[in-house]
1. Collect the residues in the stretch 174-191 that are in a helix (DSSP H, G or I) and buried (at least 17 other Cβ atoms within 10 Å of the Cβ), keeping them in residue-number order.
2. Which is on the phi < 0 side of the Ramachandran plot and outside any helix (DSSP H, G or I), of 412, 435, 382, 354?
3. Within the stretch 507-533, which residues are free of Cβ contacts under 8 Å to residues at least 40 places away in the same chain and in a strand (DSSP E or B)?
4. Taking the stretch 357-377 on its own, how many of its residues are without any contact (Cβ under 8 Å) to a residue 40 or more places away in the chain and either part of a loop (DSSP other than H, G, I, E, B) or farther than 19 Å from residue 307 by Cβ (or both)?
5. Being in contact (Cβ under 8 Å) with a residue 60 or more places away in the chain and surrounded by fewer than 17 Cβ atoms within 10 Å (Cβ to Cβ) narrows it down to one residue among 463, 455, 447; which is it?
6. Which of the following residues is within 30 Å of residue 98 (Cα to Cα), outside the structural domain of residue 141 (by TED's automatic domain parsing) and modelled with pLDDT under 80: 46, 9?
7. Restricting the search to the stretch 412-444, which residues are surrounded by fewer than 18 Cβ atoms within 10 Å (Cβ to Cβ) and touching a strand residue (DSSP E or B) at 6+ places or on another chain (Cβ under 9 Å)?
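The values are calculated or read from the model by the stated rules, or taken from the named source; none is laboratory data. On a predicted model such as this, the values are computed, not experimentally measured, just so you know. Here the Cβ is made from the backbone with ideal geometry for all residues, glycine too, and neighbour counts use every protein chain on show.
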C-alpha cells in the first residue's frame, strides 16, 4: 500500500495521532495473526491427540473382542468384560467401540455397520485406506475407523473356525471407536478464551507503550521545535531550541540553531544592503531628475538650433544662389561661391539629420501614408543622385521587380531612407566603382518588399558591423584607425541610425552584408501595405523611444569637438 493511500485513509491529522494509528494498527494485525495461529495449532494438537488415543485403543479392543469370541463360557466372558473395564484409562473418558466384519453379508447384526457412515468407511478401507477419522457434528463425537489385517496367528486361527480362505494380510474387519467431543470442545473453548484475553491484554499494554513512546520520544521534541519556530516567526529571534535526548532530535536542534544564527546574520546583512539600496535609489532619483533637466535642455537646444541655424543657413544658401547666377564673378569668386553652397548644404543636411533623429526618438515623427509607386520613387532618387555619382565616375544603376504592387507607405520616409543609403554608397565607393539599387518582393513573405543598395566600395570590417548603426558612427578606410578626432569622410555619422529608426517606424527592418575591401549591401525590408493600427504604431514609437540611446548633451559635445577638430585640420590646408 502506497503512502498516498495511507494519507487518504488517515486524512490531515497530527503526527501523534498518525503514529498511534499506525503503531496500533500494526500491533493489532500482528497480535491477531499470532494468536490465531496459536489457536489453530492447539486445535491441531487436540485433534492429533484424539487420533493417537484411538490408535492406542485398537489393540486392546481387538484382544477383548478375540477373548469374548474364543471363550464359550459365559461366566468367563463376564470376567473378561470386567477386566477390560478396570484397565480402561480414565483420561480417555467414556468412549465406545464396535468391530465390523469385512463382509457384512455373512455377519450378524452386531458385526455389521449401523449407519451409512460405517458402510462408507468400510468401502474406503477396502479401497486401500488404513484409517479414517473425522468430527461428527451431528452426534457430537469423534469418529475413528481402523482396518484389521490378518497376521500369521490370525490366519491359523480363523482358518480353523470361520474363514478357511483367509490369507496373510487380508482384511478381517474394521474397528470403529467413538469419543465424546464435549471435553475436547471445552478444552478448545478454554484455550481460545485464554488466547483472546492474552491478545487483548497484550494489545492494551502495547498501545500504552506506543502512546508513551510516541508522546515523549517523538512528538515532544517536534512540538518543542514548533513552539520555538512560532516564537521566531513572531519576532523573538533570541530564542533557541533546547533538546537533550542524545539522539537525532538533539542533532536536529543543533542544526536548527545554526540555521537560525545564519538567518539572523543574513537578515542583518540584508538590512544593511537595503539601507545602501535606499541610498542608491535616492541618488538614482537625483540623477534621473538631472537627466530630465538635461533632456529638457537638449530639447530647448534643438529648438534653438532649428531656428537660429537653419534660418541663417537658408539665407546664406539663397544669397549664394544669387551670386552663382551673377555673370560678373571671376572664376576664383565662382569657386568661392560654390564652396559656400556646398558647405552650407552639407551643414544644413547635418542639422536636419540631428533634428530628424531627435524627432524620431521623441516619438513626434508622424507618418503620411499614401499610394505610391516604388519604381517612380527609385527613378527620381537615382536621377537626383546621378550628378553626385558622375563627379566620382561611379556607375549608378537600378532594377525594379515588376511584380511589386502599388505600395501603401510613407513616400517621404522611403525617399529619406534611399537618399541616405545612396549618399553613403557613393561616399564610400572609390572613383570608377559601381552602385546598384533594386527592389524585389521578399521570397519568404509576399507581403514584404526588400529595398537593396549594393556597392563595391571600401566595405565594413566585421568588428565594426555590429556598431555601424550607432549614432555618430562612420566607416573607416583601409589605413584608418578608429579616431573620433579625425575622419576621412564628411557627415555626422547619423545616416544609418536614421535609416534603422525610420525602418522601425515603417514596421520594417534593415540588414547589412559586407566584406571589408570588397563592398557592402544594405537591405531594408518594408511591408507592401502598412497597417494603420494605432496600437501598433504607438508600440513602434515607444520601442523606438525606449530602445535607442537618446541624443544626450554629451553626444552633442563630442560631435562639436569632432567638428572643431575637422575645422582645425582644414585650416591647415591651402584655400
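1. Hit for the stretch 174-191 is 184, nothing else.
2. 435
3. The answer is 509, 511, 513.
4. Adding up the residues that qualify gives 5.
5. Selected residue: 447, the only one of 463, 455, 447 that is in contact (Cβ under 8 Å) with a residue 60 or more places away in the chain and surrounded by fewer than 17 Cβ atoms within 10 Å (Cβ to Cβ).
6. Residue meeting the stated conditions: 46.
7. Matches in the stretch 412-444: 432, 434, 436, 438, 440, 441, 442, 443.
Residue-by-condition table, conditions (1) farther than 23 Å from residue 38 by Cβ; (2) assigned by TED's automatic domain parsing to the domain that holds residue 28; (3) free of Cβ contacts under 8 Å to residues at least 40 places away in the same chain; (4) not in a loop (DSSP other than H, G, I, E, B):
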residue	(1), (2), (3), (4)
207	no, yes, no, yes
211	yes, yes, no, yes
214	yes, yes, no, yes
218	yes, yes, no, yes
221	yes, yes, yes, yes
241	yes, no, yes, no
